[in-house]
1. Scan ALA309, ALA233, ALA254 and give me the residue that is surrounded by fewer than 16 Cβ atoms within 10 Å (Cβ to Cβ), modelled with pLDDT of 80 or more and under 24 Å from ASN331 (Cα atoms).
2. Which is more than 9 Å from the ligand (Cβ to nearest atom), in contact with a strand residue (DSSP E or B) (Cβ under 7 Å, 6 or more places away or on another chain) and of a type outside the set (Ser, Thr, Tyr), of VAL86, VAL63?
3. Any residue at all in region 109-123 that is outside any helix (DSSP H, G or I), away from the ligand (no atom under 12 Å from the Cβ), surrounded by fewer than 21 Cβ atoms within 10 Å (Cβ to Cβ) and at pLDDT 95 or above?
4. Please indicate, with yes or no, whether at least one residue in region 70-81 is outside any loop (DSSP other than H, G, I, E, B) and either open to solvent by 70 Å² or more (accessible area, probe 1.4 Å) or at pLDDT below 95 (or both).
5. Could you please find all residues in region 25-45 being under 15 Å from ALA69 (Cα atoms), touching a residue at least 24 places away in the same chain (Cβ under 8 Å) and not small (Gly, Ala, Ser)?
6. Go through region 1-60 and give me each residue that's charged (D, E, K, R), within 15 Å of the ligand (Cβ to nearest atom) and out of contact with any Lys or Arg (no Cβ under 6 Å at 6 or more places or on another chain).
Amino acid sequence: RASSISFLGLGRMGSEMAFNLFSKRHALANSSTFVVCDAVPEAARAFVANFQNHFPGSQLSIVSTPEEAVLASQTIVTMLPSSPQVRSVYSGDSGVLSALQALPRAQAEETLCIDSTTLDIDVARQVSAHVVGTGAQMVDAPVSGGTETRCLRFCRYLNVLLLRGAWAGVTGAKVGSLAFLVGGTDTAFELAKPFIADMGRRAVHCGPAGSGLVAKICNNLMLGVQQVVTSEAMLLGQRLGVRADVLADVIGSATALHDKAPPSERDFEGGFATALMVKLLMGRKLWQDMGLAFKSANLVGTALPLGTAAKRIYEDVIESSPELARKDFSNASCIMSAEKPS
Ligand code: NAD
């Protein structure tokens, strides 16, 4: 079991991740053995054929249940669609848990489970508690793109974790540039790190079990909102007469995402005044920055739903105190943190 790794879930992401992991381990020690399992047997067969084509003589086998995978290997990596599949693979009949319970305690304690699925945080915490109850180690380690962007640095100003980049998703899995957002104990994180290093570029320890998923869903929230507001800006710009490729170049080179020292570290002093984001300072009701965009959007009949929501937040900050209005616009996060989610 010690030199064997099992990978369960050989879909779009999993097949690329398993390929990277197995190929690096195979190069390290010819004696390593690999086990794969997928609900679709053809996916497992295709993976094995492809891997053995690249690495003739490598030792790969296919099993049909998670239980067999755990009995064969000390390290288990899962990359499944979502919560129901994770529940079933770990807690279902012939699942990971039944194998861990069947193993002598000492062998269960040597087992490490790395679940990279994006799933419900509560389900992940429940599964982790059950696995840890057998003496085994487990981390939740969902993945995101791996390249640090200006956007990431900007989001650090807001104390928000954003990990995305040019090589996200399947391409990121293939080229090994994924970032793994890891939840689990310090011990589990240290044990998982070398395996993660074979599949990605970064491992971020986000906190105890479930924390990797917390970071992941925050990242996805930002990604989702950012995508819509990018579309708003692209549409407005084109309606105001600028070509899409020019706008994409401007947005891509991040004039919209400033690139300075984090204002939060100097209490949001300096930087770009919040008041400037909407209206000019000194009591004059002149449109400025976002305000100018709204004025122009009115002229060309373009709704800016996310822009409107953001403008309302800046207006709240400005109205709440002249002091906050003077500070960097990233202090909007301070006001928002006092609000309850709807
Ligand atoms: P996928 O549907 O391509 O792959 C899932 C694989 O799991 C399939 O091969 C499926 O047959 C297998 N499977 C399902 N139930 C199983 C079971 N009980 N036992 C064994 N195998 C089982 O999905 P994907 O795109 O590879 O995504 C996997 C996870 O990664 C998801 O949680 C997704 O949200 C996340 N993710 C995906 C991307 C992306 O770009 N595709 C990017 C980041 C994160």
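1. Values: ALA233 fails: surrounded by fewer than 16 Cβ atoms within 10 Å (Cβ to Cβ); ALA254 fails: modelled with pLDDT of 80 or more.
From the options ALA309, ALA233, ALA254, the qualifying one is ALA309.
2. Working: VAL86 fails: more than 9 Å from the ligand (Cβ to nearest atom).
VAL63 is the lone residue from the list that is more than 9 Å from the ligand (Cβ to nearest atom), in contact with a strand residue (DSSP E or B) (Cβ under 7 Å, 6 or more places away or on another chain) and of a type outside the set (Ser, Thr, Tyr).
3. The initial filter retains those residues of region 109-123 that are outside any helix (DSSP H, G or I), namely 110-120.
When the remaining residues are screened for being away from the ligand (no atom under 12 Å from the Cβ), the result is 110-114.
This time we only want the ones that are surrounded by fewer than 21 Cβ atoms within 10 Å (Cβ to Cβ), so: 110.
So of that shortlist, the ones also at pLDDT 95 or above come out as 110.
Yes, that holds for at least one residue.
4. Applying the first criterion (outside any loop (DSSP other than H, G, I, E, B)) to region 70-81 yields 70-72, 75-78.
Then drop every residue that is not either open to solvent by 70 Å² or more (accessible area, probe 1.4 Å) or at pLDDT below 95 (or both), which leaves 71.
Yes, because at least one residue in region 70-81 is outside any loop (DSSP other than H, G, I, E, B) and either open to solvent by 70 Å² or more (accessible area, probe 1.4 Å) or at pLDDT below 95 (or both).
5. THR33, PHE34, VAL35, VAL36, CYS37, ASP38
6. Going through region 1-60, the residues charged (D, E, K, R) turn out to be 1, 12, 16, 24-25, 38, 42, 45.
Filter once more, so that each one left must be within 15 Å of the ligand (Cβ to nearest atom): 12, 16, 38, 42, 45.
Those that are charged (D, E, K, R), within 15 Å of the ligand (Cβ to nearest atom) and out of contact with any Lys or Arg (no Cβ under 6 Å at 6 or more places or on another chain): ARG12, ASP38, GLU42, ARG45.
The values are calculated or read from the model by the stated rules, or taken from the named source; none is laboratory data. Since we're looking at a predicted model, the values are computed, not measured. Positions of Cβ are generated from backbone atoms using ideal geometry, with glycine treated the same way; all protein chains shown enter the neighbour counts. We work out accessible area using only protein heavy atoms, side chains counted, and drop any ligands, DNA or RNA first. Shrake-Rupley method; radii C 1.70, N 1.55, O 1.52, S 1.80 Å.
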